[in-house]
Amino acid sequence: MNWGAVVAIYKFEMARFFRTLTQSFVSPVISTSLYFVVFGAAIGSRIDQVEGVSYGAFIVPGLIMLSVITQAISNASFGIYFPKFIGTINELLSAPLSFLEIVLGYVGAAATKALFIGVVILATAALFVDVVIQNPLAMIAFLLLTCLSFALLGFIIGIWASNFEQLQLVPLLVVTPLVFLGGAFYSISMLPPFWQTVTLFNPVVYLISGFRWSFYGLADVPIGLSLLAIGGFTLLCLAVIWWIFKTGWRIRN
């Protein structure tokens, strides 16, 4: 394992993040505050509690998941797409690096950025509501796995994309709606039986449910299924990336 190369890629990607640190810090704080104003005040005035938890506190895990997932995808996709766009990816591919080392550098940096955003949102939420974390180790594990798995997805999107518009296509039209419909701001037990069944086909439900369980001990699906879902998704993304580098799809032409 060429750790020097991994660290070089990681530092290069993180340097871009630190150049816009103020924007990276202020943006999630403002957006989280707006979510609490809109959802906490408007909806929270009509829904006092959800399964014994105040509505404001109930939506905190969903808010964190929403931002972490979108940030992990966007950072990883842009990180690998930009070398394709300017042509420097050829230098990367000709260097004595394995696909694993390249992925570790780019995905590790994207996951770190998403983790930072998640911590910022958690700290911001604590200013509005009392946040209780019953299972801190499980919370950290779910957060890290989510950052890693969706950074891998973003890496795949960055290789697939042919222009900057396509970089935003999947996050905006697929991932964000899945998060909103995956119980980020409500419990799926509040839905009619038919829609509860339909919602269970949404993979994001399992992530949000497991993450919320680590806070309040509440889960819409068994915690084992949540772990199985995120573990399987991570392995699937790794398999796709391995195939991409083996065949050269979208990177060698």
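Derivation of every value follows stated rules applied to the coordinates shown; laboratory data play no part. Given the structure is predicted, the values throughout are model-derived calculations rather than measurements. Glycine gets a Cβ as well: all are built from the backbone with ideal geometry, and neighbour counts include every protein chain shown.
Quick notes
- Ordering Ser94, Ala76, Val198 by the projection of their Cα atoms onto the charge dipole of the chain, which places +1 on the Cβ of Lys and Arg and -1 on the Cβ of Asp and Glu, puts Ser94 at the extreme positive end.
- Only helices enter the 222 nm calculation for the chain: every DSSP H run of n ≥ 4 contributes -39,500 (n - 2.57), and dividing by all residues gives -23000 deg cm²/dmol, rounded to 500.
- Stokes-Einstein D (µm²/s) once Rh is taken as the Kirkwood radius of region 50-185 over alpha-carbon pairs, at 20 °C in 1.002 mPa s: 134 µm²/s
- Of Gly210, Phe17, Leu143, farthest towards positive along the dipole that unit charges on Lys, Arg, Asp, Glu beta carbons give the chain: Phe17
- Among the helices of the chain, those built from whole DSSP H runs whose Cα atoms reach 27 Å or more along their own axis and whose mean Kyte-Doolittle hydropathy is at least 0.0 are 60-86, 99-125, 136-160, 223-247.
- Its residue count N fixes a reference of 2.2 N^0.38 Å for region 194-242, and the Cα radius of gyration divided by that reference is 1.25.
- For the chain, built as a Gaussian network whose Cα springs stay under 10 Å, the top-fluctuating residue of Ile188, Ile86, Ile117: Ile86
- Electrostatic bookkeeping for Tyr216 treats Lys and Arg as +1 and Asp and Glu as -1; over the other residues with beta carbon under 13 Å from its beta carbon, the sum is -2.
- In terms of its Cα atoms, the chain spans 58, 39, 34 Å along the principal axes, sorted from long to short.
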